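Chemist: Quick one: structure below, then a few questions.
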Amino acid sequence: MICKLIGSFLGKYENVVTVETVHERLVFLVDSFLALAGLLGLGTAQSPPSSASSSEQAPAPANATSASSTSATATGDGVSTYSQSNVPTGTPLSGDYGTAYRPQVHFSPPIGFMNDPNGMFVDANGTYHLYYQYNPTANVAGNQHWGHATSDDLYTWTNQPIAIFPGGPTEGVFSGSAVVDVNNTSGFFPNQTNGVVAMYTINVPENQTQHIAYSYDNGISFIKYEGNPVIRPGGTNPTQFRDPKVIWYEPTQSWIMVIAYPVDFEIGIFSSPDLQSWKAESNFTLYGLTGLQYECPNMVEVRVEDPPEGAPESMWVMLISINPGAPLGGSITEYFLGSFNGTHFEASDSSVRLTDFAKDNYAGQFFYGTPSSNDQITMNWASNWQYTNVVPTAGREVGDGFRSVMTVPRGHYIKNLTRFGPSLISYPYNIMSIMESELAFNSSLGNGTVLIDYSTVESGALYFEANITGLTTSDSLDGSLNFTFSSAGSGEAVSGGTFLSSGDVWLDRGRTNGFQSPYFNEKFSATGLYNEADGAWRLSGIIDRSIIELYLNGGEISATSVFFPTQALDTMILRVAGINSTATASVGVWTLKAAWLDQANVNGTVHGNATDGVDSAMKRDTLGAMRPF
């Protein structure tokens, strides 16, 4: 994280400062200093949770405001935990989910600053758990805790109490993972099969070490292991050793962990019988784009769709996030396909494959507990370290808005593409579960236009899809499929589309005026995607107030981009042009449910797993679509 902050700070001054950017850069400088000060423990100390055992913690007042009093309380294992007195230890933080920039089908924190997804797993009841890097005391990065939310459908989230707190005023609880120890390999759970063990990096100024904590109550609260740290720093720099991701490897009946040696450009692979004692097995080194550092590795087995006879039915995927050093600047995630034998990951080639062709997709993590025969599921941080601390979703004071969202859940499998070979497909997982109303459907549009006014849609969120079939080499030369989402009031717009002959796809967020930065790239594109032998083309996407996600040909390539208009986008135009009359275009547009507003009171406030007793029907009738900017 320190490298992230310094890298993003230095990135702000790569170009000559202009009059137009002076104010933004001064704000960034102040916010980054505050974040770094908090990270190094220069801010206020932190007060404790209840002294009860972690599964029986007494809730702290949700409305506590003082951050001045500090103390330490030993938890059941004798390990001290600190928290600021305005951060409740047994009750979720509340947040305003009715503001204009607040997405409705994407996860966002109630207040404060969020970055990497952490500890993602699905439990035996089918409930998905999302933990995340969280600063509950400021709207910039720093003071890392593990926030927590749960969901049954991956779109309707319930905010839970903060799960893991720093152990001292100079600590940060950095990224990591969580597993369900069904067989009690750890010895922590003699009387249950649903015990959860989290593994994470503790950052202090001197080093980064790996710690574990365990939970008896299905991941709601954690007890820190008395024997921490379980792994001390390796590599050439003790301050750069982080982000453990753990899986169970059935053939060897052992836990496998991948972890980053960021400045050595290595991913370490470790094994353990019990999650406590770890053995270094091998390193995966210097592949693909390196940037300034490697971060947030993931390794998982993913099914292959329709493998040729005799070919493997699955491949292993290694995700690595880099920052800075992405092709478009800042942060990005790349992946490698290969094999794993229990100790070594071997990439099948050295090709660079990116998970996204836009700029706001980083540090993705797979949900632990998804069978390898099923499509694997990720969620990703939808922001970029070049500008995340200054986007206009929050003011300077904590409680005034929020910063950062996650992507929608992405389903993944591997498909052998004609022009690119084996590739990781990425599509919006289970999107039909949140579709509400059909705004438009035309199965024979041909060359034509669909115009939709969605200003009265409560969520402000849509899913759209266009399919063109029956294309030939001659009639696809000039064909195009384009869309525009615009504001009737301000004329601002987000647009995108494809040119069928070349297979080019593009996305433009440059006509929105709510945020300006020299690093907030306006346009994105990818090329060479259309295969003439297919004779078909599919474009789908999700727009959700201040974020858009695109998927080409069912997820052969995807893009994630945040945007910030001064007035709400409320009009959609989708146009097909230049295709031959023998081709067919079908178009559909659906509203998506207001997943957060469904939980809100009449003021738009969501209290997490606590309730204020407001009748749900009253909530929907009173809120309306969204409050103005």
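Chemist: Can you say whether Asp508 is acidic (Asp, Glu), farther than 21 Å from His106 by Cα and surrounded by fewer than 20 Cβ atoms within 10 Å (Cβ to Cβ), as far as the supplied structure shows? Even if it seems obvious, please write down each step before you answer.
Modeler: Numbers: acidic (Asp, Glu): yes; farther than 21 Å from His106 by Cα: no; surrounded by fewer than 20 Cβ atoms within 10 Å (Cβ to Cβ): yes.
Taking the combined requirement at face value, the residue does not satisfy it.
Chemist: Can you tell me which residue is farthest from the chain's Cα centre (by Cα) among those in region 587-607 that are over 20 Å from Arg545 (Cβ atoms) and either modelled with pLDDT of 95 or more or in the same structural domain as Met379 (by TED's automatic domain parsing) (or both)?
Modeler: Looking at residues that are over 20 Å from Arg545 (Cβ atoms) and either modelled with pLDDT of 95 or more or in the same structural domain as Met379 (by TED's automatic domain parsing) (or both), I get Val587.
Chemist: Among strands (runs of 3 or more DSSP E) lying entirely in region 106-169, which contain 2 or more residues that are more than 17 Å from Val405 (Cβ to Cβ)?
Modeler: Ranges flagged: 112-122, 145-151.
Chemist: Would you mind stating whether Asn283 is crowded, with 16+ Cβ neighbours inside 10 Å, of a type in the set (S, T, N, Q), more than 30 Å from Val391 (Cα to Cα) and in the same structural domain as Phe189 (by TED's automatic domain parsing)?
Modeler: Numbers: crowded, with 16+ Cβ neighbours inside 10 Å: yes; of a type in the set (S, T, N, Q): yes; more than 30 Å from Val391 (Cα to Cα): yes; in the same structural domain as Phe189 (by TED's automatic domain parsing): yes.
So Asn283 fits the description; yes.
Chemist: Before we move on, is Phe520 buried (at least 20 other Cβ atoms within 10 Å of the Cβ), assigned to a loop (DSSP other than H, G, I, E, B) and in contact (Cβ under 8 Å) with a residue 12 or more places away in the chain?
Modeler: Spelling it out, Phe520 is indeed buried (at least 20 other Cβ atoms within 10 Å of the Cβ), assigned to a loop (DSSP other than H, G, I, E, B) and in contact (Cβ under 8 Å) with a residue 12 or more places away in the chain.
Chemist: For region 482-504, which residues satisfy the criterion of being at pLDDT 95 or above and touching a strand residue (DSSP E or B) at 6+ places or on another chain (Cβ under 6 Å)?
Modeler: Residues of region 482-504 at pLDDT 95 or above: 482-497.
Scanning region 482-504 gives Asn482, Phe483, Thr484, Phe485, Ser486, Ala488, Glu492, Ala493, Val494, Ser495, Gly496, Gly497.
Chemist: Right, something else. Considering only residues of region 230-264 that are in a strand (DSSP E or B) and touching a Leu at 6+ places or on another chain (Cβ under 8 Å), which is farthest from Ile212 (Cα to Cα)?
Modeler: Looking at the filtered set, the residue picked out is Trp255.
Chemist: If Thr209 satisfies all but one of (1) among the polar types (S, T, N, Q); (2) at pLDDT 95 or above; (3) in a loop (DSSP other than H, G, I, E, B), what's the number of the condition it fails?
Modeler: Unmet condition: (3).
Chemist: May I pose another question? In the set Thr472, Thr484, Thr527, Thr571, which member is under 26 Å from Gly330 (Cβ atoms) and either aliphatic (A, V, I, L, M) or over 23 Å from the mean Cα position of the chain (by Cα) (or both)?
Modeler: Among Thr472, Thr484, Thr527, Thr571, only Thr527 is under 26 Å from Gly330 (Cβ atoms) and either aliphatic (A, V, I, L, M) or over 23 Å from the mean Cα position of the chain (by Cα) (or both).
Chemist: Out of Tyr200, Tyr216, Tyr225, which single residue is within 19 Å of Glu295 (Cβ to Cβ), of a type in the set (Phe, Trp, Tyr) and in the same structural domain as Gly147 (by TED's automatic domain parsing)?
Modeler: Being within 19 Å of Glu295 (Cβ to Cβ), of a type in the set (Phe, Trp, Tyr) and in the same structural domain as Gly147 (by TED's automatic domain parsing) holds for just one of Tyr200, Tyr216, Tyr225, which is Tyr200.
Chemist: Can I ask one more? Ser177 is checked against (1) more than 19 Å from Met257 (Cα to Cα); (2) hydroxyl-bearing (Ser, Thr, Tyr); (3) not in a loop (DSSP other than H, G, I, E, B) and fails just one. What number does that condition carry?
Modeler: Here Ser177 clears every test but (1).
Chemist: Report, by residue number, each residue of region 357-374 that is assigned to a loop (DSSP other than H, G, I, E, B) and closer than 30 Å to Phe524 by Cα.
Modeler: Correct list: Phe357, Ala358, Lys359, Asp360, Asn361, Phe367.
Chemist: Something else about it: If you scan region 405-453, which residues turn out to be in a loop (DSSP other than H, G, I, E, B) and crowded, with 17+ Cβ neighbours inside 10 Å?
Modeler: Within region 405-453, Val405, Thr407, Val408, Pro409, Tyr429, Leu445 meet the criteria.
Chemist: Taking region 391-430 on its own, how many of its residues are under 18 Å from the mean Cα position of the chain (by Cα) and under 19 Å from Val562 (Cα atoms)?
Modeler: 14
Chemist: Scan region 375-389 and give yes if some residue there is under 20 Å from Trp248 (Cβ atoms), not basic (Lys, Arg) and not in a strand (DSSP E or B), otherwise no.
Modeler: yes
The values are calculated or read from the model by the stated rules, or taken from the named source; none is laboratory data. This is a predicted model, so every value here is computed, not measured. Every residue, glycine among them, receives a Cβ derived from its backbone with ideal geometry; neighbour counts consider all protein chains shown.
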